[in-house]
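Reading through the C-alpha cells given below for one structure.
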Amino acid sequence: MPERPKANGEEHAMEKKPRAAGGGGDGGGTRGEASGSSEGGGLVERLPEALLVEVLCRLEVDDACSASASCRALQGAAAAAISTITTIDLSAFAPSNAILSRILEGNGAVRSLTVNCSLLDDSSASVIAKGSLRELSLLKCSFTMSFFMAIGERCRNLRSLKLEVAVAPDVLYSRYSGFSICLAPIYAGCICLETLWVKFPLLDPHTADSETGLPFLPSNLKELLLQPVSHSQAKMVFPRTTSLTKHITDSLESLSLVLDVITDELVMLITINIRNLVELCLEDEPVTQPNLPEDLTNVGLQALGLCHNLRHLSLTRRYCDFRRVNDFGILMLAEGCKQLRAIRLSGFSKVSDAGYAALLHSGKDLKKFEVSNGLCLSDLACLDLDKAAPNITEVRLLNCALLTSDTAISLAPCTNLKVLDLSGCKSIADSGLVSISQLPKLTLLDLAGADITDAGLSALGNGRCLISSLCLRGCRRIGSNGIASLLCGTGTINKTLVSLDIGNVPRISCRAVTVIAKNCEQINSLCLRNCLLITDSSLEVLGSIGRDSSKCSLRMLDLAYCSKLSRNFLRHFEPPLFRGLRWLGIGKNVVQRRGCSPMVAELLERKPGLTICGNACDMGCRNKCHPDIRYLQ
C-alpha cells in the first residue's frame, strides 16, 4: 500500500512524457523552451486538480487569469476556480467584451459583481445578466434600453443595483424619453430590489436629467442614492396626499442626494415622511450663495433633531457655505440625535468649537467624525475626545486653518483610532507627528500640506502604528532623507505600507524611489505627481520591484507633471516590467508635449489590463469618467 501513490505518480508522469517530448523539437532554442515548459508544467500537472482549484480560488480574478496562461493544468484549474467565485470585482481595470465573457461565461454562482464598463456595450448583457446575482455595480457605463431589459428579465433576485453612468442623461437617453424609462424594466422585473444608486457626471442639477423618474421608484427600496437631482425634483419622492398603497417612504432607511441646493423645506419633508430614517446624506453645489427661503437654516437642523433613530448624517456644501446655520442649530441637532455613529459636515463657516464639541459629546456611540472647511474649528473642540467618544475610530478634519499640533496631541489617547485625516491643516508640525506615531491601530494617515520635516518622518518610522496608507502630498519641507528615515526606521511601517502619496514635494528624487523599491516591495499605490526631480532611472527601479520574488504588487502609479521624464519614458512600462500595473497617470500635458501618443496606443495593445490616464485625474480616476486616452489624441 505505501508504494501505490508513488506508482500512480510515475504512471501519470509517463503519460505526460510524450507530450513534453513531442513539443521539444530538434535541438536549439526550441528544445530549451520545451525543456523549461516540461519542468514547470510537469510539476504542476502532477498536483491534484482540486488542490490547484483551491489555491487559485484564493487569488484575485486577474491573478487567476494570469496563472491560467502558464500551462494546461492551471488553465483548467483557473476556469474551474473562476466558475465558483461568488464575489467578483473588476473595477481595477476595464475589461473588453471578450475578456468579460471568458471570466463570467461559465460562472453560475456569482452573487456580487462589480465591473468597470468603459469598454463594454449592450451585448455584454448576455454574460452580465445572471439569475444568481444579488448585487450588481456597473461603473462608468453607457448602456441603453436593451441592456436594462436583459437585466430586468434575467436578474429576478437582484437586491442591489448601483449605476455610475459615464455620460449626461440628455446625451444618451433623450430618445427614450429619459433615463427613467430605461430603468422601468428593472423596476418591473427585479421585484426584490432594495438598493438603488444612480450617479451621473456632476453637472448643474438645474439642467441635468429633468426626468429622473422619481415618481416611478419601487416602493420596497431601503437605500436610495441619486446624483444629481434638483431640490424640486427631490420633493417628488414624498407623497402629497395620504394613500392606502405602499409608498417608498414606508420602507426607505437610507437616502443620499446630490442637489442644486439644500433647503429647510426639503429637510422637513424628509423628517416628516421617512419614519425609519437611519442614514441621511445631502450634498449641494450652489452656483451662488442661496437666498431665503431656498437655503438651509437652524430651522432645518432643528427638524433633523426629530430623527431620533438617525445613525449616519452627512451635510456638505461645496464652493459656498451654510451661512444661516450657527451653534444654535447644531446644539438642537445634538440634543435630538443622540445615537449618531457617523457625522460628516462641510461648509458650516459659522459653527464654532461649542457646536462641534456638542456633537462630539452627544453620545458614546460616535465612531466617525468629519469636518471640512471648519473656519471656526480650533484645538479646543477635540479636548478629552477619548472620554467623550471612547469608541471613535475615524477622525477627518480637512482644511481647518486654526488646528495645530495640539489637536494631534489631544488625539493620542484615542487608542481605537484607525483613520486620521488632517489634510489641509497647515499648522500640524513634527510634535504632532510624534504623538500620532504612538497610535497602535492607525492604518490611514493623511497629512497633506502639513508643516512637517524629515525629523517628524523619522519619529513616524520608529513608531508603533500599522499604517497602510500615508499621504504626504504638498509637505514641502520633507525630502528624500525623510523618506529614508521613514522606511528604514525601527518601526513596522515599511512592512505595512501599501499606499504612499508624496506628490507635489519638490525635494523628492530618485533616491527616495530607490528606498521605496528596496524597503516596500508590497507597495500597491504610489503617487509621484509633480515631483520635478523624478527621471527615467526612477522608473527602472520601480519596474524591478518584485522581479526576483515574482511578486508584482504595484497596481497604480501617478507620474502626472513629472517634467524630467524623457520623451520615450513609456518604454520602461513594456513587458515584462510593471507586470501588475493597472493604472498609470501621465497627465495630458506630457502626452501633448512629448508627442508619445503612438507609444501609448502600442503599450495599451500589449497590456490590455492597463488604464493610462492623460487627464491628470487623482489616483485611479475615482469617479471621473472620460474617453480612452487613444481617442483624445
*asked:* Need pairs with beta-carbon distance below 8 Å; first residue within 19 Å of ALA94 (Cα to Cα) and within the range 134-149, second part of a strand (DSSP E or B) and among the acidic types (Asp, Glu); sequence gap 6+ or separate chains.
replied: SER137/GLU164; LEU138/GLU164; LEU139/GLU164; LYS140/GLU164; CYS141/GLU164
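Restricted to the range 104-119, and to residues that are of a type in the set (A, V, I, L, M, F, W, C) and open to solvent by 10 Å² or more (accessible area, probe 1.4 Å), which residue is farthest from ILE612 (Cα to Cα)? Give the derivation first.
Residues of the range 104-119 of a type in the set (A, V, I, L, M, F, W, C): 104, 109-110, 113, 115, 117, 119.
Applying the additional criterion that residues be open to solvent by 10 Å² or more (accessible area, probe 1.4 Å) yields 109, 119.
Details: ALA109: 32, LEU119: 14 Å.
Residue satisfying both the conditions and the ranking: ALA109.
With respect to ALA80, determine if the residue is among the hydrophobic types (A, V, I, L, M, F, W, C) and not in a helix (DSSP H, G or I). Even if it seems obvious, please write down each step before you answer.
Values: among the hydrophobic types (A, V, I, L, M, F, W, C): yes; not in a helix (DSSP H, G or I): no.
Here the answer is no, as ALA80 does not meet what is asked.
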*Which of the residues spanning the range 305-335 are open to solvent by less than 20 Å² (accessible area, probe 1.4 Å) and among the basic types (Lys, Arg)?*
ARG317
*Six or more apart or on different chains, Cβ under 8 Å: which pairs go from a residue in the range 336-350 that's at positive phi and crowded, with 19+ Cβ neighbours inside 10 Å to one that's of a type in the set (Gly, Ala, Ser) and in a strand (DSSP E or B)? Could you list them?*
GLY347/SER372
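Do we find that ARG275 is in a loop (DSSP other than H, G, I, E, B), open to solvent by 10 Å² or more (accessible area, probe 1.4 Å), closer than 18 Å to SER346 by Cα and touching a Ser or Thr at 6+ places or on another chain (Cβ under 9 Å) in this structure?
Working: in a loop (DSSP other than H, G, I, E, B): yes; open to solvent by 10 Å² or more (accessible area, probe 1.4 Å): yes; closer than 18 Å to SER346 by Cα: no; touching a Ser or Thr at 6+ places or on another chain (Cβ under 9 Å): yes.
So ARG275 fails the test.
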*Run down GLY355, GLY374 and say which single residue is closer than 18 Å to LEU313 by Cβ, assigned to a loop (DSSP other than H, G, I, E, B) and either open to solvent by less than 10 Å² (accessible area, probe 1.4 Å) or not hydrophobic (A, V, I, L, M, F, W, C) (or both).*
GLY374
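Within the range 282-304, does at least one residue satisfy the condition of being among the hydrophobic types (A, V, I, L, M, F, W, C), closer than 22 Å to TRP197 by Cβ and surrounded by 15 or more Cβ atoms within 10 Å (Cβ to Cβ)?
From the range 282-304, those among the hydrophobic types (A, V, I, L, M, F, W, C) are 282, 287, 292, 296, 299, 301, 303-304; that's our starting set.
Filter once more, so that each one left must be closer than 22 Å to TRP197 by Cβ: 282.
Among the residues that remain, those that are also surrounded by 15 or more Cβ atoms within 10 Å (Cβ to Cβ) are: 282.
Yes, the range 282-304 contains a residue that is among the hydrophobic types (A, V, I, L, M, F, W, C), closer than 22 Å to TRP197 by Cβ and surrounded by 15 or more Cβ atoms within 10 Å (Cβ to Cβ).
In the range 71-102, how many residues are open to solvent by 50 Å² or more (accessible area, probe 1.4 Å) and either of a type in the set (Val, Ile, Thr) or in contact (Cβ under 8 Å) with a residue 40 or more places away in the chain (or both)?
Applying the first criterion (open to solvent by 50 Å² or more (accessible area, probe 1.4 Å)) to the range 71-102 yields 72, 75, 79, 84, 86-87, 89, 92, 98-99, 102.
Those still in the list that are either of a type in the set (Val, Ile, Thr) or in contact (Cβ under 8 Å) with a residue 40 or more places away in the chain (or both) too: 84, 86-87, 92, 99.
Matching residues across the range 71-102 total 5.
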*Out of (1) in contact with a helix residue (DSSP H, G or I) (Cβ under 6 Å, 6 or more places away or on another chain); (2) at positive phi, what's the single condition that is false for ASN373?*
(1)
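The values are calculated or read from the model by the stated rules, or taken from the named source; none is laboratory data. Quick caveat, the model's predicted, so the values are computed rather than measured. FYI the Cβ positions are ideal-geometry reconstructions off the backbone, even for glycines, and counts take in every protein chain you see. With ligands, DNA and RNA removed, areas are computed over all heavy atoms of the protein, side chains included. Shrake-Rupley method; radii C 1.70, N 1.55, O 1.52, S 1.80 Å.
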